[in-house]
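Colleague: Okay, here's the structure, questions in a sec.
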Amino acid sequence: QKEVEQNSGPLSVPEGAIASLNCTYSDRGSQSFFWYRQYSGKSPELIMSIYSNGDKEDGRFTAQLNKASQYVSLLIRDSQPSDSATYLCAVSYTGNQFYFGTGTSLTVIP
Amino acid sequence: GAVVSQHPSWVICKSGTSVKIECRSLDFQATTMFWYRQFPKQSLMLMATSNEGSKATYEQGVEKDKFLINHASLTLSTLTVTSAHPEDSSFYICSQRGLAGNEQFFGPGTRLTVL
């Protein structure tokens, strides 16, 4: 059973702060890792993908991957109220099958 | 990325009726598309993988006779919920891989309510 675990939250941060979202996965053979943002009532939107150990930065977002610890995180710098959403971690082993965590709810307080 | 559309965006139907949901790839041909279901406060669960020109591959526990998938062209996959019941009420979302092949991009979703 391939499992993806996330803290459900809710996570609240003040505007301008750094939000840190964490995800662990069970399958050491996992090759691809993704963060999606899902606003209430909407479908998920891809934010970041990461495939190798280390950090990957895109604007205010930084994804961090540590395969030895089976851990992937997402940092959101200078958090904005528009970042308030549920963030889904997804892990893929074969490229077809995506395994999703249950999501972390983030609220950015103005 | 990939641009995916779905129709309808929401549907309300009576118990026992069938509902068809369309998923279209708007920017390039997709030999494979994916159908997910999401219940409130839960994560996405893959229902099936739709393959153009061949039978869909269903995940364990998903009834293939109840959730009929047709992928007759490279830009269109349909999901038909047959004899829908209130427990089928959910958010149905399709996706396709991007050109790079690793990422998945989702359609806007269809909210089904069965009375």
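Colleague: Amide H neighbours of B:Ala30 under 5 Å, counting only residues 5+ apart in sequence or on other chains, H built in-plane at 1.01 Å?
Modeller: Correct list: B:Thr75.
Colleague: So with the 1.4 Å probe, I'd like the accessible area per residue for chain B, rounded to whole Å².
Modeller: 50
Colleague: Within chain B, what whole-number % of the accessible surface is contributed by carbon and sulfur, with the 1.4 Å probe and all protein chains included in the calculation?
Modeller: 53
Colleague: I need the semi-axes of the equivalent ellipsoid of the stretch B:1-103: take the C-alpha gyration tensor, multiply each eigenvalue by 5, square-root it, list largest first in whole angstrom.
Modeller: Ellipsoid half-lengths, sorted descending, are 22, 14, 13 Å.
Colleague: Quick one: if you stick a label point 7 Å off each Cα along the C-beta vector at B:Ser9 and B:Gln29, how many nm between them?
Modeller: Taking the two extended label points, one gets 3.1 nm.
Colleague: In a GNM of chain B with a 10 Å cut-off on Cα contacts, which of B:Gly61, B:Gly16, B:Gly98 has the highest mean-square fluctuation?
Modeller: Comparing B:Gly61, B:Gly16, B:Gly98 in a Gaussian network model of chain B, the most mobile one is B:Gly61.
Colleague: At the nearest 100 Å², what buried accessible area, both sides summed, do you get for A and B when the probe is 1.4 Å?
Modeller: Summed over both sides, the interface buries about 1400 Å².
Colleague: Continuing with this model, one more query. Using the Cα gyration tensor of the protein assembly as shown, with a ≥ b ≥ c the square roots of its eigenvalues, what is the shape: rounded (a/c below 1.5), prolate (a/b larger than b/c) or oblate (neither)?
Modeller: It is prolate, given that a/c is not under 1.5 and a/b is the larger ratio.
Colleague: Considering only B:Gln60, B:Gln42, B:Gln104, give the residue with the highest GNM mean-square fluctuation for chain B, with springs between Cα atoms whenever their separation is below 10 Å.
Modeller: B:Gln42
Colleague: Same structure again: Rounded to a whole number of µm²/s, how large is the Stokes-Einstein D of the stretch A:1-100 at 37 °C and 0.692 mPa s, given Rh as the Kirkwood radius over C-alpha pairs?
Modeller: Answer, rounded: 238 µm²/s.
Colleague: Which listed residue (A:Tyr99, A:Cys89, A:Leu65) has the Cα farthest towards the positive end of the charge dipole for chain A, taking +1 on Lys and Arg C-beta and -1 on Asp and Glu C-beta about the Cα centre?
Modeller: After comparing all options, I get A:Tyr99.
Colleague: Quick one: putting +1 on the C-beta of Lys and Arg, -1 on the C-beta of Asp and Glu, what dipole do you get for chain A around its Cα centre, in Debye to the nearest 20?
Modeller: My answer is approximately 180 debye.
Colleague: In the structure displayed, which of A:Lys56/B:Lys41; A:Lys42/B:Lys20; A:Lys67/B:Lys55; B:Lys14/B:Lys41; B:Lys14/B:Lys66; A:Lys42/A:Lys67 lie more than 27 Å apart, Cα to Cα?
Modeller: Too far apart for the 27 Å limit: A:Lys56/B:Lys41; A:Lys67/B:Lys55; A:Lys42/A:Lys67.
Colleague: Another one. Just want to confirm a number: the relative contact order over chain A, from Cα pairs under 8 angstrom separated by 6+ residues, in percent.
Modeller: 38
Colleague: Considering only A:Ser20, A:Ser52, A:Ser40, give the residue with the highest GNM mean-square fluctuation for chain A, with springs between Cα atoms whenever their separation is below 10 Å.
Modeller: Greatest mean-square fluctuation among the candidates belongs to A:Ser40.
Colleague: Shifting gears a bit: Got the relative contact order for the stretch B:1-68 handy, in percent, Cα pairs under 8 Å and 6 or more residues apart?
Modeller: In percent, rounded to a whole number, it is 21.
Colleague: Can you give me the % of accessible surface on chain A that is carbon or sulfur? Probe 1.4 Å, all protein chains present, nothing else counted.
Modeller: That share works out to 46 percent.
The values are calculated or read from the model by the stated rules, or taken from the named source; none is laboratory data. Keep in mind that this is a model prediction, so the values were computed, not measured. We place every Cβ from the backbone using ideal geometry, glycine too, and count neighbours over all the protein chains shown. Just so you know, the surface numbers come from the protein's heavy atoms only, side chains and all, with ligands and any DNA or RNA stripped out. Shrake-Rupley method; radii C 1.70, N 1.55, O 1.52, S 1.80 Å.
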